[in-house]
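What follows is a single structure, written as structure tokens, with notes after it.
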Amino acid sequence: MYTAVPLTFLQIVAPLMVALGFIAACSLLKEPGRRHFSAIIIAGAGAAYLNGGLGAWEFAFCALVTFIAYRGIKDYRFIAVGWLLHSIWDVAHHFYGTPIVPFIPTSSAGCAICDLGLAAWYFLGAPSIYTWLGKRNLGAGT
């Protein structure tokens with residue numbers, strides 16, 4: 001039986017900082033490289049839980065996210081949906097499966113928080129944060 005481990009403030013904020021760091025790094029890539037790279041990353045994330053304790057569902061999820069990643073090559077909305085689905089999968093693993101980092105019981109919950117931040121950015125079309133900050137020359141590919 002699962003016993004809920006309460007998340008601390010740091011365990012909520014740290015995954016958002018990880019998402020922001022990823023967004024900052026991806027913002028350095030120009031289009032269409034940013035979108036193509038992002039599609040590859042979500043495809044890999046779809047396989048993160050293979051052998052994660054949910055049996056054949058792990059393979060079905062991996063196949064679904066691979067298809068979504070393929071569609072994401074041309075449309076950021078699919079990449080955003082992929083991160084939303086991965087966030088849901090993280091929650092399932094937090095409560096019923098194996099955590100993404102086996103020796104950190106709350107790692108899947110943290111991953112779910114990070115993934116929601118990424119999904120929000122991708123739903124916005126993955127604009128360069130450097131454009132938002134007024135440093136247009138760094139992430140010129142919007």
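Read the figures in this text as sums done on the coordinates, not as results from a lab. The structure displayed is predicted, hence computed values, not measured ones. Virtual Cβ from ideal backbone geometry, glycine too; neighbours counted across all protein chains shown.
Odds and ends about this structure:
- Computed from Cα positions, the angle between helix 9-26 and the longest principal axis of the chain comes to roughly 40 degrees.
- With a cut-off of 15 Å between beta carbons, the residues surrounding LEU84 carry a summed charge of -1, where Lys and Arg count +1 and Asp and Glu -1.
- Additional length obtainable on full extension of the chain from GLN11 to PHE59, 0.36 nm per residue less Cα span: 14.4 nm
- Dmax and Rg, reported as Rg then Dmax, of the chain (C-alpha, Å): 15.6, 53
- Kirkwood hydrodynamic radius (C-alpha pairs) into Stokes-Einstein, region 1-65, 25 °C and 0.890 mPa s, D in µm²/s: 170
- Along the chain, longest interval not containing exposed chymotrypsin sites (Phe, Trp or Tyr not before Pro), exposed being DSSP loop plus at most 16 other Cβ atoms within 10 Å: 3-95
- In the chain, Cα pairs under 8 Å separated by at least six residues give a relative contact order of 32 percent.
- Calculated FRET efficiency, ILE88 to ALA24, Cβ-Cβ distance, R0 = 30 Å: about 0.75 to the nearest 0.05.
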